[in-house]
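The values are calculated or read from the model by the stated rules, or taken from the named source; none is laboratory data. If you're wondering where the values come from, they're calculated on a predicted model, not measured in any experiment. Virtual Cβ from ideal backbone geometry, glycine too; neighbours counted across all protein chains shown.
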């Protein structure tokens, strides 16, 4: 539908040969790019980043398949077409997010729904593959523990055989890169999950807007081309506070890696959780102060565009992932309290602060997207811009922090607890959503920082403009009255 010239030429050629009687009703109308658009520039750049990193995973899997003599040809073709599909869809999402479909709408709906299903399936597939790889790693550790037992303890050999058979049978169904690349493969899998989530959401928004595009609405909502103007005033304090936040997060990651390399898992987890608590407390304070300061801005109620709907949808999905992660972690903490190696009390404090911060930040983003600096005073003071800048950098820092959380096990002795293990599976499944929440929060905060304090986005009339309009009307009325008076005098004299 974007390039229908070859198809229409083929129809015309078949009509010329006499194979078809009429072809005009089968012609596909070329789509334009005058629609509202699905997603902002920052979301498009994130799509490029996650998609490019995800293609690296398919390349590594293809290499591992070629280097393995037991690899089947269909698996190699599967990896090739998966990488090709990811690249082509990435190009489509980046270059054609503003298409306005004016014809063949049923075909467009079928295509977008198919792409939505493919992205959702890719999402679930790699979530399951990631969890299966972690389960195999845990089973291999358990197998090594049982193999080190003495002959009296090895009497229960059925358990050992069962664990070994489970690990070997599951190995054929997972991604082989986990066996050789470890945490790097986990990071690549997280990126392809983020990419699939964004792709599915964009396809849903495009499917939803097919019947709305075209005609007057596409012209009415078409954005004018304008130069990119970045106003960095009233943001230096938040910028440097965010830099300190970023430095602290990377220092804590380094200290965690130090204890992890020394095989001190308790010390590493303690450092990680204390840093987690400190970072969330500072982010929570930033949200509270930001909400307090932005009360001086003016609320506007405009028609919700596709980009706003997409941002709200992705924010909802990410926040649900955070809530599931934290609530499941609390259940995991409660279930481990009856074990000998139970989880520490500070876990529940960290998770509670995290839930509160996510809820307050989601409210902050949803409110701030509808606030504008319209009055002269708010345009000069820009209240809350410091905290928007701080939260933007803080969420970027937490994005890297949660990426590390997805690659490492940060629940300590709960992994060895049979009661907590089912909950850990759910936590591992929603970890990519927690990473995505921080990424998309950064995207939304960047949009707020760009638009809420920009004078060009003032759509409401200011009091000065209103008074000027009233004065202009009064002067016109006075001129009309004077002209009528002169006409009456001339008539009387005559």
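Odds and ends about this structure:
- Checking 284, 289, 239 one by one, the residue that is surrounded by fewer than 16 Cβ atoms within 10 Å (Cβ to Cβ), in the same structural domain as residue 368 (by TED's automatic domain parsing) and modelled with pLDDT of 90 or more is 289 and no other.
- Only listed residue being in the same structural domain as residue 389 (by TED's automatic domain parsing), farther than 24 Å from residue 361 by Cα and either at pLDDT below 90 or surrounded by fewer than 19 Cβ atoms within 10 Å (Cβ to Cβ) (or both), chosen from 250, 259: 259
- Residues of the stretch 114-131 that are in contact with a helix residue (DSSP H, G or I) (Cβ under 6 Å, 6 or more places away or on another chain) and either under 20 Å from residue 29 (Cβ atoms) or surrounded by fewer than 18 Cβ atoms within 10 Å (Cβ to Cβ) (or both): 120 alone.
- Residue satisfying all of: in the stretch 372-403; part of a helix (DSSP H, G or I) and surrounded by fewer than 19 Cβ atoms within 10 Å (Cβ to Cβ); modelled with the highest pLDDT among these: 400
- Exclusive hit being in contact with a helix residue (DSSP H, G or I) (Cβ under 7 Å, 6 or more places away or on another chain), more than 30 Å from residue 195 (Cα to Cα) and modelled with pLDDT of 80 or more, set 437, 453: 453
- Residues in the stretch 355-399 that are closer than 19 Å to residue 240 by Cβ and out of contact with any helix residue (DSSP H, G or I) (no Cβ under 6 Å at 6 or more places or on another chain): 2 in all.
- Every test in (1) at pLDDT below 75; (2) part of a helix (DSSP H, G or I); (3) within 24 Å of the chain's Cα centre (by Cα) is passed by residue 25 save one, and that test is (3).
- Residue match in the stretch 337-346 (condition: modelled with pLDDT of 90 or more, more than 20 Å from residue 403 (Cα to Cα) and surrounded by fewer than 18 Cβ atoms within 10 Å (Cβ to Cβ)): no
- Residue that is surrounded by the most Cβ atoms within 10 Å (Cβ to Cβ), among those in the stretch 57-97 that are outside any helix (DSSP H, G or I) and free of Cβ contacts under 8 Å to residues at least 12 places away in the same chain: 71
- Complete set of residues in the stretch 292-317 that are touching a strand residue (DSSP E or B) at 6+ places or on another chain (Cβ under 7 Å) and surrounded by fewer than 19 Cβ atoms within 10 Å (Cβ to Cβ): 298, 299, 300
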